[in-house]
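Here is the structure we will look at.
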Amino acid sequence: MKRGLFLLLLLCTALMLGGCGSQEEKLITFSDTGVKSDLIGVSIDGTTLTIKQSGTYTVTGTCAEGNIVIDAPEGKSIELILSNLNLTSSKTAPILVKSGSLIVITIKEKTQNIITDNHKYTETVEQGDQSAESLLTEIPDAAISSKSPLLIRANGDGKLVVNANSYNGIASSDTLTIEGGVINVSAKNHGLRGKDYVLISGGVITVKAGEDGIKSTNTERAALGYINFKGGVINIQAGDEAIYAPRSVNFSGSTVTVKSKNIGVKVGTKSSADEAWTGGTINFLAGTIDITSSDDAIISEKQTKQDSALITVNGKVLE
């Protein structure tokens, strides 16, 4: 009896969503004329929805000019369930996370959700990741933009389409984890970005980016700034680097296809003294990796390869 109670409490703790099984679904409906919800813990201003309390919220409907703001108290988490949501914004990010210990976006099964960003960013944001991050609260840098750890997952075959017509597709200035779903990201700049790390363990993910496809950017802490591909099927088309991280890129079970107009996979940091790329490791541990690039396919100081990894570079198998 005590063991069963312990496991139940452990499950509830792992969910980190302020509820445990009996929590009721909180439904919110978007339309062009406004947002419909009578829930405590949310505020509505025209077609802008702000969520301020931890819990699970299901959003649905279509709105040509609206957005969701998540502003959870410190130490609290929120799950946002997308259920046939079609949300567009030309003023800010359609989904903007200002605070929260963990934000979970769940794609409901048998639904298609479309997030479209038409916001015109300032020149300051376009100067780079550091400038964009300092202005993230007021001027987000992605169609789905988060200052908190962000986890994206799906129930069954739920689909998420992100059209980032202005800048990045999905970006977190903390961590970005994807566990499942059919996710298609089209971005003017970068496709997927997690500052501390990007972890992909499932799903069918397609990224088409004008600049970098998938990247991590943390160079301040040695334990961070990496990308892990643990599962799923990932297809990347990039105008610049398809995959970039300053510390490491680890392939351990995914099927990854890369097509880049510049570099396929790059790891390391640039030395100010000689402008050379130094440091960083690429670990080919398992999975299937197919890289096609117009420049160098792989750049890193160190590479490791195990027999369980099948790597093809510009049509030739890498031994």
>> As an exercise: evaluate THR292 against (1) part of a loop (DSSP other than H, G, I, E, B); (2) over 19 Å from the mean Cα position of the chain (by Cα); (3) farther than 27 Å from GLU220 by Cα and give the number of the one condition it does not meet.
In response: (1)
> Could we say that GLU65 is surrounded by 22 or more Cβ atoms within 10 Å (Cβ to Cβ), within 22 Å of SER37 (Cα to Cα), of a type in the set (D, E, K, R) and modelled with pLDDT of 95 or more here?
Replying inline: no
> Can you find a residue in region 5-25 that is in contact with a Ser or Thr (Cβ under 9 Å, 6 or more places away or on another chain), at pLDDT 95 or above and among the small types (Gly, Ala, Ser)?
Replying inline: no
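Please specify each residue of region 181-203 satisfying the condition of being within 15 Å of GLY156 (Cβ to Cβ) and touching a Ser or Thr at 6+ places or on another chain (Cβ under 8 Å).
Going residue by residue through region 181-203, those that are within 15 Å of GLY156 (Cβ to Cβ) are 181-183, 202-203.
ILE183, the sole residue that qualifies.
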> Has region 39-48 got any residue that is closer than 21 Å to VAL162 by Cα and either modelled with pLDDT of 90 or more or surrounded by 19 or more Cβ atoms within 10 Å (Cβ to Cβ) (or both)?
Replying inline: yes
> Given the structure, is LEU192 under 12 Å from the mean Cα position of the chain (by Cα) and more than 18 Å from ALA143 (Cβ to Cβ)?
Replying inline: no
> So GLY202 clears everything in (1) under 24 Å from SER252 (Cβ atoms); (2) within 12 Å of the chain's Cα centre (by Cα) except one condition, right? Which one?
Replying inline: (2)
>> Would you confirm whether or not region 73-84 contains a residue that is farther than 21 Å from SER148 by Cα and without any contact (Cβ under 8 Å) to a residue 60 or more places away in the chain?
In response: yes
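Is it fair to say ALA297 is more than 23 Å from HIS190 (Cα to Cα) and not polar (S, T, N, Q)? Before you say what the answer is, go through the steps one by one.
Details: more than 23 Å from HIS190 (Cα to Cα): no; not polar (S, T, N, Q): yes.
For ALA297, the condition - more than 23 Å from HIS190 (Cα to Cα) and not polar (S, T, N, Q) - is not met.
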> List pairs: first in region 141-164 and free of Cβ contacts under 8 Å to residues at least 12 places away in the same chain, second part of a strand (DSSP E or B) and acidic (Asp, Glu), Cβ under 9 Å, 6+ apart or cross-chain?
Replying inline: none
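Among the residues of region 79-114, write down those that are of a type in the set (A, V, I, L, M, F, W, C) and more than 17 Å from PHE30 (Cβ to Cβ).
The initial filter retains those residues of region 79-114 that are of a type in the set (A, V, I, L, M, F, W, C), namely 80-82, 85, 87, 93, 95-97, 102-105, 107, 114.
Hits for region 79-114 are VAL97, LEU102, ILE103, VAL104.
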>> Can you list residue pairs whose Cβ atoms sit under 6 Å apart, with the first residue in region 188-207 being of a type in the set (Asp, Glu) and the second being outside any strand (DSSP E or B)? Count only pairs 6 or more apart in sequence or on different chains.
In response: ASP196/ASP174; ASP196/ASN218; ASP196/LEU224
>> I'm trying to understand the selection: among the residues of region 63-117, which are among the acidic types (Asp, Glu) and assigned to a loop (DSSP other than H, G, I, E, B)?
In response: GLU65, GLU74, GLU109
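The values are calculated or read from the model by the stated rules, or taken from the named source; none is laboratory data. Since we're looking at a predicted model, the values are computed, not measured. Methodologically, a virtual Cβ is constructed for each residue, glycine included, from the backbone with ideal geometry; neighbour enumeration extends over all protein chains shown.
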